[in-house]
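Everything below concerns the one structure shown next.
The values are calculated or read from the model by the stated rules, or taken from the named source; none is laboratory data. The structure displayed is predicted, hence computed values, not measured ones. Positions of Cβ are backbone-derived with ideal geometry, glycine not excepted, and every protein chain shown enters the neighbour counts.
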Amino acid sequence: MELTLKNVSFSYNPDAKEPKYAVKDVSFTIRDGEFCALIGHTGSGKSTLVQFLNGLMEPTSGEVLFNGENIFGKKYPLKTLRQKVGLVFQYPEHQLFEETILKDICFGPKNMGLPKEEQLTRARHAMELVGLPESYEEKSPFELSGGEKRRVAIAGVLAMSPECLILDEPTAGLDPAGRDDILGTVRELSDQEGIAVVLVSHSMEDVAVYAERLLVMNSGTLVYDDTPRNVFRHYKELEEIGLSAPQITYVAHALKEKGFDIDDSVMTIAEAKAEILRIFRERNS
Amino acid sequence: MNIIEILHLIHEYKEYDENETETETVRAIDDVTLSIEEGSFVTILGHNGSGKSTLAKHVNALLLPTGGTVMLCGQDTLKTEELWTLRKNAGMVFQNPDNQIIASVVEEDVAFGPENLGVPTEKLEKRVEQALERVGMTAFRMNSPNRLSGGQKQRIAIAGMLAMKPKCILMDEPTAMLDPVGRREVIQTVHELNKQEGITILLITHYMEEAVDADRVIVMDGGRLIMDGTPKEVFSRVEELKACHMTVPQVTELAYELKKEGLDLPDGILTTEEFAEALWNLH
């Protein structure tokens, strides 16, 4: 799978003398198994980009290519694309509606016109992927906790066997354990099932732990496309555009300032721990 | 003086199946006793479903006790016939900024509360002006709220509360949907209101970093109050917090992890500076 944005722009007044752009000349490609995070302040153009990726919005210029084919070309099957590029909206639990969890997850495959047997197989597999036990099949989705409801919603998208999964702030409003749970599951989907993931997030701490690649938007343009480590080196520039680095990165900088010989590109607790222990070990030996 | 007095509060609700027959009684709040001092900044932590929001909704009588009592500014929420006066004392700000804004111009939105309280027009304008100034949104007075960022919308929602001159503001995860800067804006605004106006703040959050500057941190689990202390005291109990689906600020966890490896660091380190200092002293 290859999903490409090629010089895409979006403007609400493209014919004006000086058009205002929500997205301006953005290009990148997402491939199988990649775990990307998309960050940017409110209004930076993230949501517009995300909607290009599965054809919900059409750019005013530029192309969106799925495996090399223009998805806005004539007769391109957008419906099939939306199964292959699954989008999980913010607060997806508000979209649950069926009487039982199994029925809710079957909704997608049913709409794809798959036979009943296949619907069930897919729904059950999706439940397994997100870690919902079999005993939940006949439960009402409304009896579940916030984190569990979100799993059901994600399973509903997974049941359509997407090759790329886009999640818009899947952890908003969840407690810390619920956050780690959902992101751990998404990470496994990417590692084991080879699903490409685009995670829209406001948590720098989360993207530092889970993402391999960071796409940073500001005022409609893509300002960074690199590993989280390389992006967080620019923590001062990130602050200027309404973002920040993980708290650990600030800890590392504070230690360096104090005079510690620390690698200040650390960004997770585990990395910082290893680095500090190394310093103390070297000092003692 | 205590602005909020909660005594042996119990809240139960019944669940029904599809035939409307009662299936079970759920106890969401299980015997909570708690006093909140006027002018304090209290953060409430707890996993999803631990009872935090249910507790907060009792303070301004959005929910009423099944057992026990809740007093706000000396008024019993069960006995009062003056719900309006009671709610005027405790404004509430919710998670989703878009669900709380009702007018098409910022100043009208801020005026909505006091207008309903019957504040006369001359005074109303003054109140709106002051409230917007307080949250740093005066420049947006005539704007349409839907063009604002999430953090700005939450500040408008807070201004709407302020215009009603509450003694206490209850905030239920006001930063859950905001970007890092929006989060900082809102938390800073709330701290200023607390310090400068003496408004009591009850902040529910899942971001541990936001609890660090509170006067007091309360942790709920299973409808009960399981911890109550200063941020330093509460965040020293790393294992217990993790056991109930919580965590601690990243720097606190790093210090805790290093301590486990034998570095002699103090418990409950809360800030980057504190950590750097403590580690340097060891070095």
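Annotations for the structure displayed:
- Within region B:194-206, being out of contact with any Lys or Arg (no Cβ under 7 Å at 6 or more places or on another chain) and either within 26 Å of B:GLN250 (Cα to Cα) or free of Cβ contacts under 8 Å to residues at least 60 places away in the same chain (or both) holds for B:ASN194, B:LYS195, B:GLN196, B:ILE201, B:LEU202, B:LEU203, B:THR205, B:HIS206.
- The set of residues from region B:74-98 being among the aliphatic types (A, V, I, L, M) and either within 14 Å of the chain's Cα centre (by Cα) or closer than 29 Å to B:ARG155 by Cβ (or both) comprises B:LEU83, B:LEU86, B:ALA90, B:MET92, B:VAL93.
- Members of region B:158-217 found to be part of a helix (DSSP H, G or I) and within 11 Å of chain A (Cβ to nearest Cβ), listed by number: B:PRO180, B:VAL181, B:GLY182, B:ARG183, B:ARG184, B:GLU185, B:MET208, B:GLU209
- Count of region B:1-42 residues which are within 20 Å of B:LEU202 (Cβ to Cβ) and either in a strand (DSSP E or B) or at pLDDT below 95 (or both): 23
- Of all residues in region A:265-278, those satisfying the criterion of being buried (at least 17 other Cβ atoms within 10 Å of the Cβ) and not basic (Lys, Arg) are A:VAL266, A:MET267, A:THR268, A:ILE269, A:GLU271, A:ALA272, A:GLU275, A:ILE276.
- Identification of helices (runs of 4 or more DSSP H) wholly contained in region A:169-253 with 3 or more residues that are crowded, with 20+ Cβ neighbours inside 10 Å yields A:176-193, A:204-210, A:228-232.
- Of residues in region A:127-169 being closer than 18 Å to A:TYR210 by Cα and touching a strand residue (DSSP E or B) at 6+ places or on another chain (Cβ under 6 Å), the one farthest from the other protein chains (Cβ to nearest Cβ): A:CYS164
- Subset of region A:1-23 that is assigned to a strand (DSSP E or B) and out of contact with any Phe, Trp or Tyr (no Cβ under 8 Å at 6 or more places or on another chain) - its residue that is surrounded by the most Cβ atoms within 10 Å (Cβ to Cβ): A:LYS6
- If you filter region B:41-66 down to residues that are touching a helix residue (DSSP H, G or I) at 6+ places or on another chain (Cβ under 9 Å) and more than 27 Å from B:ILE187 (Cα to Cα), you find that the one that is surrounded by the fewest Cβ atoms within 10 Å (Cβ to Cβ) is B:LEU64.
- For B:GLY160, the criteria (1) over 15 Å from the mean Cα position of the chain (by Cα); (2) free of Cβ contacts under 8 Å to residues at least 60 places away in the same chain hold in every case but one, which is (2).
- Residue match in region B:230-249 (condition: of a type in the set (Ser, Thr, Tyr) and farther than 30 Å from A:GLY259 by Cα): yes
- Of everything listed in (1) among the polar types (S, T, N, Q); (2) exposed (fewer than 15 other Cβ atoms within 10 Å of the Cβ); (3) in contact (Cβ under 8 Å) with a residue 12 or more places away in the chain, the single unmet condition for B:THR69 is (2).
- Extreme residue, nearest to B:LYS57 (Cα to Cα), among residues of region B:82-121 that are part of a helix (DSSP H, G or I) and among the acidic types (Asp, Glu): B:ASP98
- Each residue in region A:254-264 was checked for being among the acidic types (Asp, Glu), buried (at least 19 other Cβ atoms within 10 Å of the Cβ) and within 9 Å of chain B (Cβ to nearest Cβ), and 0 of them qualify.
- Within region A:77-95, the residues that satisfy the criterion of being within 22 Å of the chain's Cα centre (by Cα) and modelled with pLDDT of 90 or more are A:LEU78, A:LYS79, A:THR80, A:LEU81, A:ARG82, A:GLN83, A:LYS84, A:VAL85, A:GLY86, A:LEU87, A:VAL88.
- Counting only helices (runs of 4 or more DSSP H) wholly contained in region B:224-282, the ones carrying 3 or more residues that are surrounded by 18 or more Cβ atoms within 10 Å (Cβ to Cβ) and within 11 Å of another protein chain (Cβ to nearest Cβ) occupy B:250-260, B:272-282.
- Failed item, numbered, when A:MET217 is tested on (1) within 14 Å of chain B (Cβ to nearest Cβ); (2) farther than 17 Å from A:LEU5 by Cβ: (2)
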